[in-house]
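Have a look at the structure that comes next, please.
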Amino acid sequence: MSRIERLLNLTSALLHTGRPLRAEDIHGTIPGYPEDKTSFRRQFERDKDALRQLGLPLTTESVDGGVDEAQFGYRIRQDEYFLRDPGLTPDELSALHLAAQKVRYGSDPTTNALWKLGRPVDADPSEEADREVVEAAAALPSEGPLALLFESIAGRRAISFTYKSERRTVAGRRLAFRNGHWYLTAFDPARNDDRSFRVDRMDPPVELSTEEFVVPDAAPEAAPRQGNPFDAPWELGDNRAVVAEVLLDHPHSTWARGRLGDSAVVRTNDDGGAVFRLQVRNVDAFRSFVLGFLDHAEVLSPPEFREELLVWVQQGLGDHVGVAAEQEYP
């Protein structure tokens, strides 16, 4: 039995048990472990570490009030494991499916399976195994505290870590992957301002608060400025620059204005949306920027960019998303 299969069996058992499972219970019920108790204990400790590194909320609990190691059990609480229903529409689920197919997260296949979100709601589960796997367009490395950082942003909870030998407690705004590294943009109440942190430079322990934290609105001057190639990847490359115009809905247009600058704004509509003009040399980076806004963005020009985006989406998800894309980009 492979390690992946054993970990999946262990996760299922810990997730659906009505009581904490002792190590001896796991040894007797989960296949794939060695018979020798010492070897089992070493393997089980490695498996527990693997589950926790994947972000699974594995807890250790006392069984029958015992105080020695044999009286402790393990389980994964369902209320901490399952995501709350975010109320996504079919088109939003399809966009998640496209992202999961096109972006490979980490190098471990178990990580890909656990982070693969968003299957089209009308897909037949029996046909999933027969579907052609879409070739990934990008690979993102996984780093230890990413799961906690995502949870901090989604749950509006403060997170603490050591950075440059100083303990910091911040409220995360967003995570971004740029130039080979993950970055956290967060509000630092001690400085009453936003700060950016490179995730691989965070030192443990990384701890998530149990209380909700109200993150103040970002100041426009805190956003990256236009013209910095570090923040405008669509401007990088040796290709001829092509002028592209994108319509963004409000309030996304407000964020984009702070990032791109007023000089990029062609016009502002009565509903708060705005049209932005960009110099594009890297079409793939431009496409990623547009898709980040889901259905709140529309490529106005040039026509070939609109057509390429439609073809790319159709190839990525097939007819399910192709029909929706044709309706949005006639």
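The values are calculated or read from the model by the stated rules, or taken from the named source; none is laboratory data. Given the structure is predicted, the values throughout are model-derived calculations rather than measurements. Cβ: placed from backbone, ideal geometry, glycine included. Neighbour counts: every protein chain shown. The area values use the complete protein model at the heavy-atom level, side chains included, leaving out ligands, DNA and RNA. Shrake-Rupley method; radii C 1.70, N 1.55, O 1.52, S 1.80 Å.
Compare the peptides 36-42, 26-32 by average per-residue count of other Cβ atoms within 10 angstrom and give them in order, highest first.
Going by the mean number of other Cβ atoms within 10 Å, highest first, we get 26-32, 36-42.
Continuing with the same structure: Using a 1.4 angstrom probe and counting only protein chains, how large is the accessible area of HIS16 in Å², to 10?
120
A follow-up question, please. In square angstrom, rounded to the nearest 10, how much accessible surface does LEU148 have for a 1.4 Å probe?
60
Still on this structure, I have one more. Please arrange GLU151, GLU235 by accessible surface area, largest first, computed with a 1.4 Å probe and ligands excluded.
From most exposed to least exposed: GLU151, GLU235.
Still on this structure: Sticking with the crude label model, points 7 Å out along Cα→Cβ, report the distance from ARG267 to ASP49 in nm, one decimal please.
6.1
Between SER2 and LEU294, what length comes free when the chain is fully extended (0.36 nm per residue of separation minus the Cα-Cα distance, one decimal in nm)?
101.3 nm
Quick one: if you stick a label point 7 Å off each Cα along the C-beta vector at SER12 and ARG174, how many nm between them?
For SER12 paired with ARG174, the spin-label model returns 4.0 nm.
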